[in-house]
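See structure below.
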Amino acid sequence: MSPETYAQVSNLLVPTATVIYAIAMVSHAMEWALGRAAVAQKAEAKVETLVASDGAAVSGGTSGGAGSAGVRAETGAAATAEPASTERMAAASRIGLMLTWLGFVLHLGGVLTRGLAAGRVPWGNMYEFSITASLAVAIVYLIFVQRYKLQYLGLGVTFVVAAVLGLASLALYTPAGPLVPALDSYWLVIHVSAAAISGGAFTVGGLISVLYLIKARAERRVLAGGTMAASLRRLPSAEAMDGTAYKVLAFAFPLWTFGVLVAGPIWAEHAWGRYWGWDPKEVWSLVTWVVYAAYLHARATAGWRGRKAANIAIAGWFVFIFNFVGVNLLVSGLHSYAGV
């Protein structure tokens, strides 16, 4: 096929993948809603059972037999309703994950055909880096979803990926073309691929940390005698999510270190004749590294766990997002070509 044909295919696949991710997001939203309904039905059935049991105890005698039958009927109804709701919830989760895989395949096809249309790696401008970085988020999620039971992240991941792809298609689109001279180097592959994969892991770790804070607060409320929102009962324990976030971010940090603080300066010396020049992109990449280094150091030496660590992880995610979007679009510098 000609480059023009590849470009047309890419321009079709990327918006289609966006729509599929959006449908997957709806399915995951239904999963959460059904989870709330399942727990609510269970609680309601328990109340009805207790009421029926109290009635049986008061009536006594022969009527007590009837009351016991009523209790058994209510219990049977609760047992029937809960598996039905749980089954629908599991079906919504499976459908959402299948749609995410379908969106990923289309997304991957869109990125590959974009590269074939341009005759190079497809991350030479902000549009291309956006579709590639969002693909990295999907890759990290799909790799870890089974190992660390991350199905509960489906809603957040599909929202982030669909939003980035939508923004890229509507506001950042640039026709495929040659690289600017500063980017025409094999270091582009090394530097940007490491940054994209680690950025995908930062996003997954940040989403887990947000849910950790919500779950931990709910658990503290329960210990104080309160109740937990129905939808939050489906999440793993706060301790388990804290550990998962640490594993994901510990995977991402060495990649970011190599891609940004090793490969980046080497490439800068080849392109601009200096290893480091305090360009805004370089500065915020370093700030991102410092925040995540503080996160890992605090856990390893000060024993920080839980809320303190999660707050640092979330702060690091926001710094990364600003480095990814804000610096490219709002600040001028040697990396400004990434926004065109």
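Nothing in this text is a laboratory measurement; each read-out follows from the coordinates by a stated rule. What you see is a predicted model, and the numbers here were worked out from it, not measured in a lab. So basically every Cβ, Gly included, is an ideal-geometry build from the backbone, and we count neighbours across all protein chains shown.
Which shape class, rounded, prolate or oblate, goes with the stretch 122-190 when its Cα gyration tensor gives a ≥ b ≥ c as root eigenvalues, a/c under 1.5 marks rounded, and past that a/b bigger than b/c marks prolate?
Cα axes put the stretch 122-190 in the oblate bin.
How much FRET efficiency would the formula 1/(1 + (r/R0)^6) give for Ala300 and Leu261, where r is the Cβ-Cβ distance and R0 is 22 Å, rounded to 0.05?
Efficiency for this residue pair is about 0.70.
Using the Karplus equation 6.51 cos²θ - 1.76 cosθ + 1.60 (θ = phi - 60°), what ³J(HN,Hα) coupling, rounded to whole Hz, does each residue of the stretch 186-199 give in order, writing x for Gly and Pro?
Whole-Hz 3J(HN,Hα) from phi for the stretch 186-199: 5, 5, 4, 5, 5, 5, 6, 5, 5, 5, 5, 5, 5, x.
Calculate one ³J(HN,Hα) per residue across the stretch 8-25 by plugging θ = phi - 60° into the Karplus curve 6.51 cos²θ - 1.76 cosθ + 1.60, and present them in order as whole Hz with x for glycine and proline.
Taking θ as phi minus 60°, the curve returns 5, 5, 4, 5, 8, 5, 5, x, 5, 4, 4, 5, 5, 4, 5, 5, 4, 4 Hz for the stretch 8-25.
Suppose each label sits 7 Å from its Cα in the direction of the beta carbon; what would the Leu286-Tyr186 distance come out to in nanometres?
Computed distance between label sites Leu286 and Tyr186 equals 2.9 nm.
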